[in-house]
Amino acid sequence: MKIARLWSSINGLIECQICERRCKLKANDVGICKNYANISNVLVHIGYGVVSAVESRPIEIKPFFHYWPNSTSLTFSGYGCNFYCPWCQNHHISFSNLPISSKRVMPGELVDKAVKMRDEGLCASFNEPASIFDYLLDLFQLGKKHNLYGTIVTNGYFTSKAILELIEAGVDGFSIDIKGCPTSRRAIASIDHFKVFRNAKEIIDLGGHVEVVYLVVTDFNDHDGCVDWILGKHIDMLGPDVPLHINRYYPAHVWKTPPTSLTRLLEIKQKAERLGINYVYVGNVDIEGLEDTICPNCRKLLISRRRYRVTYFKLEDKRCPRCGQKIPIKGRYIKEKTYFF
Ligand code: SF4
């Protein structure tokens, strides 16, 4: 357990300031994510070091397509979440209580493992990283000292203060899942989806790398009004060069509507391209070509990917070799990779 960094005492309550839920906790209350508690009028990270999974994974699986291509990251998770998505694939860790007597894994142990596995970086994934915020700060700071990059896969609902702390700790890659829009048919309780775009913009302004994931969930966020809102915010607030992953949903947990149709995914992709988004990918379908990077200027094929691995890479100094167009890629392409998973 560890005393949290971002909170304040307001009218006898402790307000957690890690995410925009801003839980206000009475004595002994635990926040929505089940990882932070008011203990003797101090906010404590009770889930510090309680890890649910650790494994070395390709960065493309997160997905990051414009960040350290072909690298691997030591991917880890805790328990808990600040959202409740009824289709969550990881509901067994996101919505469960913290296991009572689990061994705590200290940041140094994860960093040692990443170095031993020859991973290029670290990635917080599977459950929402906001739930284990203070653990992340310690881990990524230590990782930076060992030249490990820092990435998170998140719903992007942090406060602005938390984003700044993450970037200062060494996180420079954010895969952000935009869940919905103001007219999502059945909202995930009390989410202001605009704040997710606000945060993505703040990260970019601070020099971080962002890729946006739009999981198109049947009967939730797949109607025209929602598509237009999400694509519009993407182009207006983030610009044409932030990659967009339009992903197919499959029924999971308690959401049983049919998987997103391929036709709908391709319609959204075309709409995104017409609006001017340069790097649009369709994921969770495994169809050749839908995860390729094409030069937005001369249409040359630059990078192919299949099943989360890079199968073809043709960039020269991060530029199109035919027309010289600069392609936004953060980090190095790892040409030769020995896998340990
Ligand atoms: S991090 Fe957890 S406790 Fe803090 S505001 Fe978010 S949900 Fe609430």
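Which ones in region 27-43 are touching a Lys or Arg at 6+ places or on another chain (Cβ under 7 Å) and among the aliphatic types (A, V, I, L, M)?
32
Quickly run through region 264-279 and pick out the residues that are touching a residue at least 12 places away in the same chain (Cβ under 8 Å) and polar (S, T, N, Q).
Just the residues of region 264-279 that are touching a residue at least 12 places away in the same chain (Cβ under 8 Å), to begin with: 264-266, 268-269, 271-272, 275-279.
Within region 264-279, just 278 meets the criteria.
Return the only residue of 126, 133 being in contact with a helix residue (DSSP H, G or I) (Cβ under 8 Å, 6 or more places away or on another chain) and either part of a loop (DSSP other than H, G, I, E, B) or more than 15 Å from residue 51 (Cβ to Cβ) (or both).
Matching residue, one of 126, 133: 126.
Each row is one residue, and each column tells you yes or no for (1) at pLDDT below 95; (2) within 29 Å of residue 94 (Cβ to Cβ).
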residue: 233; (1), (2): no, yes
residue: 241; (1), (2): no, no
residue: 263; (1), (2): no, no
residue: 295; (1), (2): no, no
residue: 299; (1), (2): no, no
residue: 308; (1), (2): yes, yes
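Kindly state which strands (runs of 3 or more DSSP E) lie completely within region 230-341 and contain at least 3 residues that are crowded, with 17+ Cβ neighbours inside 10 Å.
In region 230-341, the matching strands (runs of 3 or more DSSP E) lie at 244-248, 280-283, 301-306.
The values are calculated or read from the model by the stated rules, or taken from the named source; none is laboratory data. All values derive from a computational prediction rather than experimental measurement. Here the Cβ is made from the backbone with ideal geometry for all residues, glycine too, and neighbour counts use every protein chain on show.
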